[in-house]
Structure formats: structure tokens, C-alpha cells
Amino acid sequence: NQVRDDDGAYLAVSSRGNFFLTWEPGQDFWIPHNRGTPRRIQNMGFVEGDINKGLWMTLNGGKVFVSPKEPDLTKDSFDFQEANIKTGGDGVTDVAYRNDKEVWAVGGSNTMYVSQDA
């Protein structure tokens, strides 16, 4: 999985979900980061398509984590906070922010989740 934000920053997840990498324009190389949890990363992306607004991360078992705004990309690990989403253990495969208050998540077994107070 590899995604690009509106300003050209990139985020990539390793094939096994063990770690992720970031790159911003002007950097000479990709920076690796620990996942910070024993669960493997399923998918990652940018909050509202902008790395400066934070990162979201889905993990095995239906967990969703969100980083604080303005993440320090030089750090080895991030201070992700778990989102309050009740998946019943079904995996979450993707997350999309419609705006700063509305966020959607799609999971296994054809489930969709929405929050109006992101």
C-alpha cells in the first residue's frame, strides 16, 4: 500500500504490515517507522488527504488508530490514539475523511461505519 497526499508526501506500508515509511518532497530517502503495536498494519492513509492533519492506521482485528496533527516524521514511532469504533472484530480495510467532522470506514462482511464528530 502506497498513498500520496495533496502536497506530494508519500506513505507506504510494508508488505507484511510490520512497519511503514514516509517521504516528503526534499528528503533524500524514505524514513522507516515502527507500527507501535503487536497487531499488523492493514492499511494507512492521510487525514483529509494531508500529512500535516495526521495519519490513520487500520490494524488486524478491526482496530483504527489516528495520529495527532503535525506528526514529527523524524521520530521512529508515532503517538497514535485508538479511535472509538465498534467493529466486533471485523477488519477495517479503508478509511476516508469527507471533511474535518465526517469520516467513513469500510470493513469486512460488507460493513460501513460513519462518524459525524471526527
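Just to verify a result, which residue in the range 31-59, among those that are assigned to a loop (DSSP other than H, G, I, E, B) and at positive phi, is surrounded by the most Cβ atoms within 10 Å (Cβ to Cβ)?
G54
Being assigned to a strand (DSSP E or B) and open to solvent by 80 Å² or more (accessible area, probe 1.4 Å) is the filter; apply it to the range 2-18 and report the residue that is nearest to N52 (Cα to Cα).
Here the answer is R4.
Being touching a Lys or Arg at 6+ places or on another chain (Cβ under 8 Å) and open to solvent by 80 Å² or more (accessible area, probe 1.4 Å) is the filter here, so list the residues in the range 82-99 that pass it.
Selection gives E82 alone.
Need the failing condition index for F65 against (1) surrounded by 14 or more Cβ atoms within 10 Å (Cβ to Cβ); (2) more than 22 Å from P32 (Cα to Cα); (3) of a type outside the set (A, V, I, L, M); (4) free of Cβ contacts under 8 Å to residues at least 40 places away in the same chain, just the number.
Every listed condition holds for F65 apart from (2).
Taking P25 as the residue in question, decide whether it is under 19 Å from R4 (Cβ atoms), in a loop (DSSP other than H, G, I, E, B) and open to solvent by 30 Å² or more (accessible area, probe 1.4 Å). So that I can check it myself, show each step before the final result.
Working: under 19 Å from R4 (Cβ atoms): yes; in a loop (DSSP other than H, G, I, E, B): yes; open to solvent by 30 Å² or more (accessible area, probe 1.4 Å): yes.
So P25 passes the test.
Please go through the range 68-81 and pick out each residue that is open to solvent by 40 Å² or more (accessible area, probe 1.4 Å), within 22 Å of D7 (Cβ to Cβ) and either in contact with a His (Cβ under 8 Å, 6 or more places away or on another chain) or not polar (S, T, N, Q) (or both). Please lay out each step first, then the result.
At the first step, the residues of the range 68-81 found to be open to solvent by 40 Å² or more (accessible area, probe 1.4 Å) are 68-70, 72, 74-77, 79, 81.
Right, trim to within 22 Å of D7 (Cβ to Cβ) and you get 68-70, 72, 74-75.
Hits for the range 68-81 are P68, K69, E70, D72, K75.
I want to confirm something. Restricting to the range 102-115 and keeping residues that are open to solvent by 50 Å² or more (accessible area, probe 1.4 Å) and either at pLDDT 90 or above or among the hydroxyl-bearing types (S, T, Y) (or both), which single residue is farthest from H33 (Cα to Cα)?
Result: S109.
The values are calculated or read from the model by the stated rules, or taken from the named source; none is laboratory data. Since the model is a prediction, treat every value here as computed from it, not as a measurement. Virtual Cβ from ideal backbone geometry, glycine too; neighbours counted across all protein chains shown. Protein only, heavy atoms only, side chains kept; ligands, DNA and RNA dropped before computing areas. Shrake-Rupley method; radii C 1.70, N 1.55, O 1.52, S 1.80 Å.
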